[in-house]
Amino acid sequence: MPGPVLVPVLGDQLTRDLASLRGRTKKDTVILMMEVADETTYVKHHKTKIVLILSAMRHFAAELRKAGWTVDYIALEDDGNSGSFTSEISRAVDRHGASEVRVVEPGEWRVLKALEGLKGPLPVPLEILPDDRFVCSLNEFYTWAQSRDTLRMENFYREMRRKTGLLMDGDEPEGGQWNYDHDNRASPDKDMDPPPAPKFAPDDVTCEVIGMVERRFADHFGSLDKFCWPVTSDQAEAALDAFITQRLPDFGTYQDAMVHGSDDLFHSLLSTSINLGILDPVECCRRAEQAFRDGKAPINAVEGFIRQIIGWREYIRGMYWLEMPELAEANALNATRPLPEFFWTGETEMRCMADCVRSTRDNSHAHHIQRLMVLGNFALIAGVRPQEVEDWFLVVYADAYEWVELPNVAAMALWADKGRLASKPYAASGNYINKMSNYCGDCAYSVSKKTGEGACPFNPLYWDFLIRNRKVLESNHRIGRAYATWDRMKPDKQQAYLDSAKAVLDGLKPASGGWARD
Ligand SMILES: Cc1cc2nc3c(=O)[nH]c(=O)nc-3n(C[C@H](O)[C@H](O)[C@H](O)COP(=O)(O)OP(=O)(O)OC[C@H]3O[C@@H](n4cnc5c(N)ncnc54)[C@H](O)[C@@H]3O)c2cc1C
Ligand code: SF4
């Protein structure tokens, strides 16, 4: 009799209907789940991220066992754990006398290459299956990309709307428009009162992982004091319910707003669950659509939410696989500055930056505009080396896996791919942050002061960035006009901007090493 089929389930594949399990019977399948040192330490992930993934894996293994599956679970501290996926798969093939290995393609290029490299040495066949938990298969994305010169999210998104039928009225978009983004840019309102997102107190399983992580990864960034992420599909469903009924109606309007000390606002906080596989992205969209059809949420909120998931999330994933491995090395603007230390310590007088780093440290989360227009924007206009910024984002966020983090950081925030993804760099002065937040009022810097002592650092850095990169950016029709403004400025004003920027840049203390890849 042939041995069982070995089905490795990776840490972000915690989905009952995973392609590798579909159609398999419980009696001839062994599911292999592995906590391996390579993955916990190739960058020094935030403690919360490690707890989230390991706890969710342990809960998922328990659910599978309860449902009658055989699960071979290798815990991080088990004797003999060899520390890598490939060697653990080899060991498990021997241990179980497996006749075949079936695995769903991993979310990272690095891991895919390692698994492909196992095909020869392994004594049994290894099949790598497409990950069909996405709306758009990679082949479909490549075909879409091949047929056009510019790869803009908006065109792709319309195809995904048609494909899923989400928010469609026959062949036309519901409400007559594909995109309601212009209604989704309200500044924070003093009276807005976002209901808090549900918190899930750590159970025994999570507490055990917390203890191990505090002991074993004591020098990793971040705090575990507020750990409250969903770690099971039931909890993720509860988080989705709460979002749809309580926060979705205002999600659109305040999507880009930032408020000091208010970490969730009207955001869904579902990315950690969706990326782990414990929550189905399309189900999230269908629930949002139903709220619209029931008259419980307006179209700008629902369309905005659905666009983030079947638009941005799918497009980002397609771009990752299309652009790798070059994307990881991309540096179109030749940025070379080391990451400033305050990205870790939060010790800066810039109130916006300090708040974003605090939320990142406490929650392993910051919302989109904080990531893009405060943290990413600063790194962009200060000219920080993309690979350092990428590793920082990969380390600090609980939802960060390279397939989603890298295109967002390298291409969207840093324009390191020279505009393959974003038509212009998201560079902004303090004005933008002031308009979209309540950060500036109590900041030690003055947002209205453009240069000199006490001026908001984003102001001179914005112009310095444009001037440093004039050769590359001047012909960009979306940003090129700024150069006309610069050219109209008096020389002494121009010089004041450049001198102020130099003072800011000279004052940046580089972070000490050891946390990122070489
Ligand atoms: C520099 C930078 C780095 C980022 N790194 C990550 C990352 O490592 N992992 C990650 O999941 N998201 C990342 N994002 C996208 C986005 O910021 C997060 O998905 C979002 O903040 C998660 O919080 P939420 O679930 O409350 O999202 P919501 O604001 O409620 O949005 C709903 C959902 O849409 C999806 N989504 C929204 N925007 C994006 C996007 N740009 N790319 C992919 N999915 C998106 C997510 O699944 C999210 O849960 C990054 C964005 C930027 C600008
Ligand atoms: S003044 Fe500048 S540094 Fe201070 S909070 Fe506003 S944008 Fe940030």
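Tabulated data for the structure shown
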| quantity | calculated |
| --- | --- |
| Label point distance in nm, residue 495-residue 294, each placed 7 Å from Cα along Cα→Cβ | 6.6 |
| Simple Cβ-charge dipole of the range 287-400, Lys/Arg +1 and Asp/Glu -1, about Cα centre, in debye nearest 20 | 400 |
| Dipole moment magnitude, nearest 20 debye, the range 44-199 about Cα centre, only Lys, Arg, Asp, Glu C-beta charged | 540 |
| Trypsin sites (Lys or Arg not before Pro) within the range 146-242: DSSP coil, no more than 16 neighbouring Cβ in 10 Å | 148, 152, 185, 190, 199, 226 |
| Among 511, 473, 463 - extreme Cα towards positive end, dipole of the range 436-518, charges at beta-carbon | 473 |
| Within-12-Å neighbourhood charge of residue 331 [Cβ basis; K, R +1; D, E -1] | -2 |
| Sequence-distant residues sharing a close amide H with residue 437 (under 5 Å, placed H) | 258 |
| Hz values of 3J(HN,Hα) by residue in the range 122-133 - Karplus curve (6.51, -1.76, 1.60), Gly and Pro given as x | 6, x, 10, x, 10, 9, 10, 9, x, 8, 8, 7 |
| Net charge of neighbours whose Cβ lies under 14 Å from the Cβ of residue 465, counting Lys and Arg as +1 and Asp and Glu as -1 | +4 |
| Protection proxy ranking, peptides 363-372, 448-457, 501-510, average beta carbon neighbours within 10 Å, highest first | 363-372, 448-457, 501-510 |
| Lys, Arg +1 and Asp, Glu -1 on Cβ, resulting dipole of the chain about Cα centre, debye, nearest 20 | 1160 |
| Amide H contacts under 5 Å for residue 72, placed H, 5+ residues apart | 31, 32, 33 |
| For the chain: relative contact order, % (alpha-carbon pairs under 8 angstrom, 6 or more apart) | 16 |
| Burial ordering of 418, 490, fewest other beta-carbon atoms within 10 Å first | 490, 418 |
| Cβ-defined net charge surrounding residue 257, 11 Å radius [Lys, Arg +1; Asp, Glu -1] | -1 |
| Lysines whose Cα lies under 25 Å from that of residue 490, excluding same-chain neighbours fewer than 8 positions away | 449, 450, 471, 502 |
| Across 296/424; 49/509; 49/113, pairs whose alpha-carbon gap is larger than 32 Å | 296/424 |
| Shape of the range 131-217, Cα gyration tensor, a/c cut at 1.5 | oblate |
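Bear in mind these aren't lab numbers, they're just calculated from the coordinates by the rules spelled out. Treat the numbers as computed from the prediction; the structure is a model and nothing was measured. FYI the Cβ positions are ideal-geometry reconstructions off the backbone, even for glycines, and counts take in every protein chain you see.
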